[in-house]
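A.B. asks: This is the structure, below, for whatever I ask next.
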Amino acid sequence: MKNHFLKILLFSISVFQLEIISFTQQNEKIWFDGLGRSYFSRDNVVSNGDTISPNNMSGGYNLIDLNVHVNPIPNIEVFGQVRVQNQFGGFFGSGTQIDVRQLTARGTFKNKIKFSVGDIYLKQNRFTLYNYDEDLNLYKSDFYNSYKSIIDYENFYEENRWRLQGLQVDFSYKFDRFIRTLEFDFFTTRPRGSSQINSALNTFQSDMLLSGATIYSKISNSISAELNYSTLNELPNSGTQLKSVKNPVYQIGLIHNYNAKKFNFNSKIQAGFSERSWSYKVGYDSISHRKLGMFFEYKSELSKMDTLFNISWGSRYVDPNFRSSAAQSRRIDMTESNLTTIYTTYSNDAVIRPISVFDIISDLNIYNQNISPTLMNFNPIFSNALPYGDATPNRIGVFLKGFYKNKKKYFDINFSTSFFSEVIGQGTSRKRTFLTFSQLTKVYLNEIFNHKKEFNFSLGYLNQITNREGDSIEFINLNSNHIDFKMEKELLDKVYFNFSTKRVKALGNEYLTVRDGFDEIITFQQVDYNRIDYLHALGLKYQFKKDVYIDIQYNFWGSEFNRANFYDFDFQRLLFIFSIKL
């Protein structure tokens, strides 16, 4: 009976789809696109001092995301994404899940005012609302592009935007004198809704709202100005919590653009300030832990019109008390409670496995999609100089970066370097200093040797040095080296062989900050590092076209801690991905 019902249901869906397609061809009011993916992995333990856990595990899924676009009138579109996912091992529909992943309505009112309601992607300034790339993402390289594309897609990471639910409205004006254009953008979202925390105590978490506005004006052909504002608020009346946060951030910037015959020169100066406080109610209203902070940045950029050369430099100051939740929220929280998916515990002592290079590159479940009102934890060996991006508080310094593309397309070079120090010391009057250098070079051997089939390799390097002078307690010296290498060779038409390796080595000591619920430092935890993380991958990839491919990889990955009573781990993975994007 159940099988007969399933056949009837599938037949009905097929007929319904045919009717919609016919309707679409006639009226062009409904159209479809989407994505399909098959994912399978088999993981094996090589060695980790573990005789309890299984030696190998496998898992995977098939999924289809159907995007439905409905245009009831020319200026309105309703977009919905429905996911059908089946875990491997689930038969006859028992392991199938159907979810509505996205739902958005957008349009234009009288060809002047644009609006979006539902799931929207927001980005402002790097100090007010910005979703910085995760650790190890060196120049957004394609070292592990199959893993990276899945992580970005599943976590809704798009062009450094945060995906939020709410309402966005924008409009603009043009003028004949004084100023050229004036553009406005307003939004309000709810990153977190009210929910019950404890049923026994009948306690509820409050609603959290993130709202903001952007005003941009082109004053002349060479001068522009911008103003950004964002504010994060908890609504105390929507829950039973005793405290609620409020965090408004303001930014103003002035941009100058100068065009010569072959070069373009841009300069930008910007500044802003923030306020963050908690209000709580215990018999009377009061405000506590109020902090005021500011930032300042100057940046210049010189680039060739043919986009073959670009160099930028500048300086930045970010106050120790500057707090911008929507710009300082990290993609990965490095606390121990953020558990990895593959072999969460290891060794016979069932130790929680720390987040490694492999997890950052491949494990989409450790990533964050929420705005945090407090500073999230980070791991110094992966990112210590600017763990919260350019908005990292308690930093002052200078930076330089650029790229060069060879005219004959033989190679590309990207580089960056920076030197920052703390504005004030943490736990001591002495200050940390952070020296960073990175480069990524890609060489196109097929262009050099005039071969038709693609043949290239990439080499990336990142070095971060953290120092603090002082006595045996104050002294800090941490050196972290990241090396990336990838080679890609087209063996047959659209068939590629890939070899890539990534190695992170950290040696030295640091102090991790321990904060309370108000983001105040309460103590420091001394940590000594002598750790090596690695990931090696061999694979074959058949690229039907840009967004349709089959990728088969074999990964070797693990960590060496070089510490007594701390187990190393070593794993292998066989990976199969078949991805179709319409």
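Please treat every number below as a calculation from the coordinates, not as lab data. None of these values were measured; they are calculated from a predicted model.
A.B. asks: Rounded, prolate or oblate: which one fits the range 434-582, using the alpha carbon gyration tensor with axes a ≥ b ≥ c (rounded when a/c is under 1.5, else prolate when a/b beats b/c, else oblate)? List each step's numbers first, then the result.
C.D. replies: Working: a/c = 2.58, a/b = 2.12, b/c = 1.21.
Note, shape of the range 434-582 comes out prolate.
A.B. asks: Could you go through the range 291-297 in sequence order and give the Karplus-derived ³J(HN,Hα) for each residue, using 6.51 cos²θ - 1.76 cosθ + 1.60 with θ = phi - 60°, rounded to whole Hz, and x for Gly and Pro?
C.D. replies: 10, 10, x, 9, 9, 8, 8
A.B. asks: Computed from the coordinates I sent, semi-axes √(5λ) of the Cα gyration tensor in Å equals one of (1) 36, 34, 31; (2) 39, 30, 22; (3) 62, 29, 18. Tell me the label.
C.D. replies: Label (1) holds the value from this structure.
A.B. asks: Give me, ordered by chain and number, the residues 5 or more places off PHE411 or on other chains with an amide H under 5 Å from its own placed amide H.
C.D. replies: Long-range HN contacts for PHE411: ASN406, TYR444.
A.B. asks: Counting helices only, and only those DSSP H runs with n ≥ 4, report the 222 nm mean residue ellipticity of the chain as the sum of -39,500 (n - 2.57) divided by its residues, in deg cm²/dmol to the nearest 500. Intermediate results must be reported in sequence, preceding the final value.
C.D. replies: Working: 5 runs with 50 residues, N = 582.
Here the helix-only value at 222 nm equals -2500 deg cm²/dmol.
A.B. asks: Tabulate in residue order the Karplus-calculated ³J(HN,Hα) for the range 300-306, using 6.51 cos²θ - 1.76 cosθ + 1.60 with θ = phi - 60°, rounded to whole Hz; enter x for Gly and Pro.
C.D. replies: 10, 9, 10, 9, 7, 4, 7
A.B. asks: Please state the shape class of the range 298-344: rounded when a/c is under 1.5, otherwise prolate if a/b exceeds b/c and oblate if not, all from the C-alpha gyration tensor. If you can, show how the numbers build up before the last one.
C.D. replies: Working: a/c = 4.50, a/b = 1.74, b/c = 2.59.
Cα axes put the range 298-344 in the oblate bin.
A.B. asks: For each pair in LYS409/LYS502; LYS148/LYS261; LYS114/LYS405; LYS123/LYS299, compute the distance between the two Cα atoms and list the pairs where it is over 31 Å.
C.D. replies: Numbers: LYS409/LYS502 25 Å; LYS148/LYS261 39 Å; LYS114/LYS405 38 Å; LYS123/LYS299 20 Å.
Beyond 31 Å between Cα atoms: LYS148/LYS261; LYS114/LYS405.
A.B. asks: Now for a different question. For a quick check: with amide H placed at 1.01 Å from N, whose amide H comes under 5 Å from MET334's, ignoring anything fewer than 5 positions away on the same chain?
C.D. replies: Answer set, sorted by chain and number: ASN377, PHE378.
A.B. asks: Give me, ordered by chain and number, the residues 5 or more places off ARG432 or on other chains with an amide H under 5 Å from its own placed amide H.
C.D. replies: Hits under the 5 Å cutoff: GLU422, GLN426.
A.B. asks: Next up: Straight-line reach from LYS489: which aspartates and glutamates fall under 15 Å, measuring Cα to Cα and dropping same-chain residues less than 8 apart?
C.D. replies: Qualifying aspartates and glutamates at Cα under 15 Å: ASP142, GLU447, GLU454, ASP551.
A.B. asks: For LYS401, which aspartates and glutamates qualify as cross-link partners when the Cα separation must be under 13 Å and same-chain residues fewer than eight apart are set aside?
C.D. replies: Answer for LYS401, where 13 Å is the Cα cut-off: GLU301, listed by chain and number.
A.B. asks: Give, in whole angstrom and from largest to smallest, the semi-axes √(5λ) of the equivalent ellipsoid of the range 334-429, with λ running over the eigenvalues of the Cα gyration tensor. List each step's numbers first, then the result.
C.D. replies: On the way: eigenvalues 196, 116, 33 Å².
Equivalent ellipsoid semi-axes, largest first: 31, 24, 13 Å.
A.B. asks: Which ³J(HN,Hα) values, rounded to whole Hz and listed in residue order, are derived for the range 380-391 from phi using the Karplus coefficients 6.51, -1.76 and 1.60 in 6.51 cos²θ - 1.76 cosθ + 1.60 with θ = phi - 60°, glycine and proline given as x?
C.D. replies: x, 6, 9, 7, 10, 5, 9, x, 10, x, 5, 8
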